[in-house]
Structures are given as C-alpha cells and as structure tokens.
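Q: Structure incoming, see below.
The values are calculated or read from the model by the stated rules, or taken from the named source; none is laboratory data. Nothing here was measured: the structure is a model prediction, and the numbers come from that model. Note: ideal-geometry Cβ built from the backbone for every residue, glycine included; neighbour counts use all protein chains shown.
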C-alpha cells in the first residue's frame, strides 16, 4: 500500500517538475455584464505570434513570452474586444483578467464559432458536449426540457424503454457508465418512470458524454463517462423560475451574496426543487394510460454556494437530495433515495504556472423493493471521494494534467434470485488512483494526447495500469482524423443482469472475491471487470454552420461479473460436486461491442438539426453459451429538428423521430407446474396447486418488433413589461401517431405491455 502511494506521489511530483517556464501571462476572460466565464475566446499579442484560447472555466495561459512590452488582445465573435499593454521580464508571471461585452443577440453564431475553435485544439473523439440551450431543442414529456431526453439522441446511445428504462452507451450496461455531478458520482441519475433525470436543466452549465476511448483523467468505469457540471448562481441580481406541468412542478431561486464587480471578489447561491404529482394527476388527465394508474412520485432538491476571488480562484459547496417512489398496490412497491454533499475548488497560485483544482464529496444511495413474495430486495452504497488535479499550459495547445484520486465506499446488498436463492454482500472498499495526461501539438496539425492511469483496488489487493492514447490530425481547415485506444477497469457491479428486460431494482455490489476459479479453461486471476477500447473517425465541416462526424469503435469486455441467475444450490461442501454455474453466486462473462455512428449537425440563428444513425452489435459469453443482451439494438436512428420563428423569434417548434430495430428477448417454449417440496414427505403436492413454471428457449434468440415514435412540441415566449420578466408556454405531444411500441411481454398473464401511447401535455413557466 505504502509503495503504491509513493509511486503515485512520484508521478505527481515528476510531472510538476518536468516543465519549467518563464515569461507567462495567465488569467480569465469574463462577460463584463454578469461575470460568467467566456469559453474559446482568443488571447493574442499583436507583436509576436503567440496566443491561447480560454477553456470551459474562461481560463487561459500563454507561456514562453520573450522579455518586452506587448499589447494583449482578446476577441470572440459576438463580443467586443478587450486589450491590455503588459511588460514581461524573465521568470515573471503576470495575471490579467479580461472583460468582454456582448454586442449581438445572435448567440447561435457565438456558440458555433466557439465550437469550431474547440474542435481544432482538443482531441474530442468519442465525446459529445451538451449545452443547456440544446436541451430546449428537443421535445420532452411534460413540456419541461430534461437531460435524459437529449441523452437518448446521442450517437451510440440506446434507451431500453419509457418505464424504468436505462441508458446503454456503445454496448456497455448502465453500471459501466460513471455519471458525475460536479465530480460526485450519482448512482441512479434517472427516475423510475424513465422520462426524467434528477438534474434540473436550469442549473446545468455543460454535460460532457464520453462514449468510448476517454482519457486517463477518468477511471473506475469500463464503458462511458457522463460528466455533468452545474453553473454558479446569478452574480448580479435575484432571479428565479416557477414551472408547472401535468407531471411535476419546479421552483428555482438564485442570486448574489456579494454582487459581482470587475476585479473584485463575489459570491452567489442557487437552489432548485422539483416535485412530481403524476400519481394524483394521472387518473384525471391521463385515464387512458394504464387505466390512469401511474403511481410514480419523485422529488429533487439541489443547492450550491460559490465564492470567487478577484484573481479567479474559487470554491463552491453543493448538496442534493433525490427521492423516487413507485407503488403498485396490487403487486409491488419500490423506492430509492440519493443524497450527496461536496465541495469543489480552483486555486490559481500567484507564483506558480500550475493551477490546482479538486474536491471532496460524500454520497449515500439506498434502494428497496417489496413484492408479493415478501422476499427482501435492498441495496445501499455510501462513501466519499477526494481528488486533486494539476494543470499547466505549456504553449498555445500543449498541456499537461495530472492528479490523484481516492474513493471509499461501503455496499450492503441482499436479493433472492428467481429460484429463491439468497445473494447478499456487505463490503468496505477503497480505491486509489493517479494519472498523467499530456497533450502535445505538432506544427498545429497533429494533436497527440498520451496518458497513464494507475488504479489500486485495496479490497481486492489488485493494481490495474491503464495506458491511454488519443490523437487528432487536422488534414485541412475542414477535415480532421481522430483515433483513440486504452485499457479500463472497474470494481463496482450491478444487481441487474444483462439478461434482464425490466428491472426497476438497481442495486450495487463491490466486486466479489468468490468468483469461479476458471473461465473457458483458463484460470481467473483478476477480480476486476476489464475492457479495451479502440475508436477512429473523421470530422467534416461542410460549411460554417453544418458538420458531419463519423466514428467506428470496438469495445472488448475481457472480463465482466454478473449475478448468477441460474443458481439453484447453496455453495457448501455438500454441493461441491455440482456444476459451478448451479451453485456460485456470481459468474464471469466476456463479450464485445462494435459498430459505427454517423452524425449530422446544422445550427444557425433559427435552425437546429441533429441526425444520428447508429449501427451496433453486442455479444456476451457466460462460458456456457453466447448470447446477445437485451439492449442489442442493431439499428438506431434519431432525427431532431428545431425552428425559431415569428416576431423576435418568440415561437419555437421541435420534433424528434426515433426508429430502432427490435430488442432481443427469450422465447417461451411451454409451461409446467412448479411444486414446492420444502415440507418433505408431508408436502401436500397432491391436493395443492404449485406455481406456474416456464420452459424458456435459449436466451434472447427472438427479436421484438421494430420501434418508432414521433414527438413534437410548440413553444411560445412572452416578454413581460417588467425588466427581466418573461413567461413561457409549451405544448408537447409524445407519440404523435400513437404507435404501439412493445415494452415487454408478461408471460404469466399472457399480456403485452406497451410503452407510452399518445400523450399530450401543457406546461407553463414564469422567470424573473
């Protein structure tokens, strides 16, 4: 343990000492009116050919500046320029903030221009960045924009269903995706109805989705990363928003604790609360949906305090309380609670060229499910995360980033499988990791990002070295080639099997130690889940407002751990002669996912078009059979079209059409009477009826029908007489032509369960 900590410390110290620079300009670029950071602004010198772009924090660094006096100029389309005359001396560091004034209402032009800049200076393979404005470009159930609706239209993403559905990203199951909120892992980001996330759209700053081949900065998952960042509260005025729809209501309040002034410190707050009442409103508004039986309730509370210094350093404290409950009185009840508390900070040391950021977070997630059999189904995971990151800009594009991370969590888990065998676990787990990531620019044409992450899993006493390599080649100003490859590992596993079609109970386990000793004739030497990624593709800029992105990928899941759904016997001395797959609590699997995605995007002042075609194949092998998991959707098409029109563009129309090939499912071959002989010879098997047993075909050999659905919305914005006051009305229709898309088939009752029917809604909001 000490040796590994020493090695990680060495990595950090070594990386910090490799690059020593002199003559450095650094600082932040802010919106002069409200103090928000400006992304992708260009800071240059008139006299020398040196410059840098601001990152998502508005931060920039220009190193290796010769001694002399120069004029620094900051520019970005849609903003007025700012400048400063600065004198540089050897080994000197100058901190200089700039403030730009918004001179146009064409925010789309600004956004597109910034996006073009970003694509040439970072290796963005397998990455999609979502801005809050984009969330309003897609119809959503209930009218209120929600992140979960936009995630469904991303390349490589498959959504399993409307009711309790989960996101599967390029062949990985949900537990293989790490969802983070300001650095804190959110174990269940979606409510049970599957239509809403826990994140309030109005508090979001950006969402980065890494679908494959992500850098060494991220770890602990083997498929994908969803990095959600929240914005700070309003720094100048008290503001808020009230929203109501047939599904839920929302209240948001934000404002300054200390008002923003240029070159002075400030502080702000933001708090948001959502509460659903669908259980009560459905019988009246939607009696045609499940006979008005939609027993879903949830609430989401989020709050954040932010303190900013005059030089750009800041610290924020945030917390959340998310709750979800489903109560089918005649069959089952289900509930979960997710709570978290954390702090994030950014330090800009006066005498160092390295900036430091990090955080400390605590979280707790508990879930229970009660069914007619009264068998307990419960899971809890709670723990902490501490991380520290160091960043240094070497020149316009070259950058080194390194850091350390420590995770600790406790899992408490208990379920009974379909054969009434108990599977339980209580485990304390700690993980320590360190990483180094270096971005090198070669002649402003080739970007090479090389990284190494080392993960140490203390509970398993296992170390995982994980090299990562990403590159981009700017063939010309309009065409770019990109590729990435890397190794990934994780300890956490889910109670949900890749075979399960419908399962609201989403519990977690630490990777178990008692795995089978061998798999397909080879000894199992690792307790971790592991994967290898390879991604390659092209970016094409058709013109200033449209682009095409093509990516092909393969994920090799070299080891996956699942709960054993076939366990019949207890794993004791008396049953050691029986096959392992009938007595082990956990099984080892392997698999692969491969395919390609084609994305077309167009964005200007009035139009937003987003079209994605995804081809995907997912295979699993449990050592006995090969099968396709239930989320193996071969073809998936999403078309989004948004148009602003009318006087001052106060009207907005959105449509989304989704088409997907059928999911795999297991066919039924027949039925039998399942008798209970627990009473031994005294069992009344002659006079009493047994339970219904089902003879299944080979797993997932069948395919459900194709899926397709059209959603639409119409929005009207009203400018009120009072300054900064506005109202908005949204009329939306889910499943416009009432397509009967199957969700699953109830074998016992021989009944087909469909996804959402034709579902209109009307929502109102008031902002001040």
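Q: Scan the range 129-168 for residues that are within 18 Å of residue 192 (Cβ to Cβ), at pLDDT 90 or above and not in a helix (DSSP H, G or I) and jot them down.
A: Across the range 129-168, the qualifying residues are 146, 152, 168.
Q: Mind checking which residues of the range 704-727 are under 28 Å from the mean Cα position of the chain (by Cα) and modelled with pLDDT of 90 or more?
A: Passing the criteria: 706, 707, 708, 709, 710, 711, 712, 713, 714, 715.
Q: Could you tell me which of the residues 386, 446 is free of Cβ contacts under 8 Å to residues at least 60 places away in the same chain, out of contact with any helix residue (DSSP H, G or I) (no Cβ under 6 Å at 6 or more places or on another chain) and under 24 Å from residue 61 (Cβ atoms)?
A: Just a single option satisfies the conditions, and that option is 446.
Q: Are any of the residues in the range 295-304 in contact (Cβ under 8 Å) with a residue 40 or more places away in the chain and surrounded by fewer than 21 Cβ atoms within 10 Å (Cβ to Cβ)?
A: no
Every residue, every condition in (1) in the same structural domain as residue 559 (by TED's automatic domain parsing); (2) touching a helix residue (DSSP H, G or I) at 6+ places or on another chain (Cβ under 6 Å); (3) more than 28 Å from residue 308 (Cβ to Cβ), yes or no:
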| site | (1), (2), (3) |
| --- | --- |
| 200 | yes, no, no |
| 220 | yes, no, yes |
| 227 | yes, no, no |
| 246 | yes, yes, yes |
| 259 | yes, no, no |
| 262 | yes, no, no |
| 269 | yes, no, no |
| 273 | yes, no, no |
| 277 | yes, no, yes |
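Q: Let me ask something else. Taking the range 602-644 as the region of interest, how many residues are crowded, with 17+ Cβ neighbours inside 10 Å and not in a strand (DSSP E or B)?
A: 8
Q: Here's another thing I want to ask about it. Residues to consider are 126, 92, 108; find the one that is farther than 30 Å from residue 472 by Cβ and either at pLDDT below 85 or buried (at least 17 other Cβ atoms within 10 Å of the Cβ) (or both).
A: Unique residue meeting the criteria: 92.
Q: Here's a follow-up. Test each condition in (1) assigned to a strand (DSSP E or B); (2) surrounded by fewer than 18 Cβ atoms within 10 Å (Cβ to Cβ) for residue 409 and report the one that comes out false.
A: Condition not satisfied by residue 409: (2).
Q: Any idea which of (1) touching a strand residue (DSSP E or B) at 6+ places or on another chain (Cβ under 9 Å); (2) within 21 Å of residue 194 (Cβ to Cβ) is the one residue 306 doesn't satisfy?
A: All conditions are met except number (2).
Q: Additional query: If you scan the range 33-50, which residues turn out to be under 35 Å from the mean Cα position of the chain (by Cα) and not in a strand (DSSP E or B)?
A: Of everything in the range 33-50, those that are under 35 Å from the mean Cα position of the chain (by Cα) and not in a strand (DSSP E or B) turn out to be 33, 34, 35, 36, 38, 39, 40, 41.
Q: Taking the conditions exactly as written (modelled with pLDDT of 90 or more and in the same structural domain as residue 153 (by TED's automatic domain parsing)), does residue 739 satisfy them or not?
A: When the stated conditions are applied, residue 739 passes them.
Q: Name every residue in the range 348-359 that is more than 19 Å from the chain's Cα centre (by Cα) and surrounded by 17 or more Cβ atoms within 10 Å (Cβ to Cβ), in order of residue number.
A: 348, 353, 354, 355, 357, 358
Q: Out of the range 71-81, which residues are more than 30 Å from residue 649 (Cα to Cα) and surrounded by fewer than 20 Cβ atoms within 10 Å (Cβ to Cβ)?
A: Of everything in the range 71-81, those that are more than 30 Å from residue 649 (Cα to Cα) and surrounded by fewer than 20 Cβ atoms within 10 Å (Cβ to Cβ) turn out to be 71, 73.
Q: Sticking with this one: Could you list, in sequence order, the residues of the range 568-600 that are assigned to a loop (DSSP other than H, G, I, E, B) and over 23 Å from residue 414 (Cβ atoms)?
A: If the condition is that a residue be assigned to a loop (DSSP other than H, G, I, E, B) and over 23 Å from residue 414 (Cβ atoms), then 576, 577, 578, 579 are the ones that fit.
Q: Now for a separate question. Can you tell me which residue among 535, 563 is at pLDDT 85 or above, surrounded by 20 or more Cβ atoms within 10 Å (Cβ to Cβ) and either closer than 22 Å to residue 174 by Cβ or outside the structural domain of residue 167 (by TED's automatic domain parsing) (or both)?
A: The unique qualifying residue is 535.
Q: A follow-up question, please. Among 171, 183, which is assigned by TED's automatic domain parsing to the domain that holds residue 437, touching a strand residue (DSSP E or B) at 6+ places or on another chain (Cβ under 9 Å) and crowded, with 23+ Cβ neighbours inside 10 Å?
A: The unique qualifying residue is 171.
Q: Given the structure, is residue 120 surrounded by fewer than 14 Cβ atoms within 10 Å (Cβ to Cβ), in contact with a strand residue (DSSP E or B) (Cβ under 9 Å, 6 or more places away or on another chain) and either at pLDDT below 80 or closer than 30 Å to residue 536 by Cβ (or both)?
A: no
Q: Another one. For the range 518-531, give me each residue that is in contact (Cβ under 8 Å) with a residue 60 or more places away in the chain and outside any strand (DSSP E or B).
A: Matches in the range 518-531: 520, 524, 526, 527, 528.
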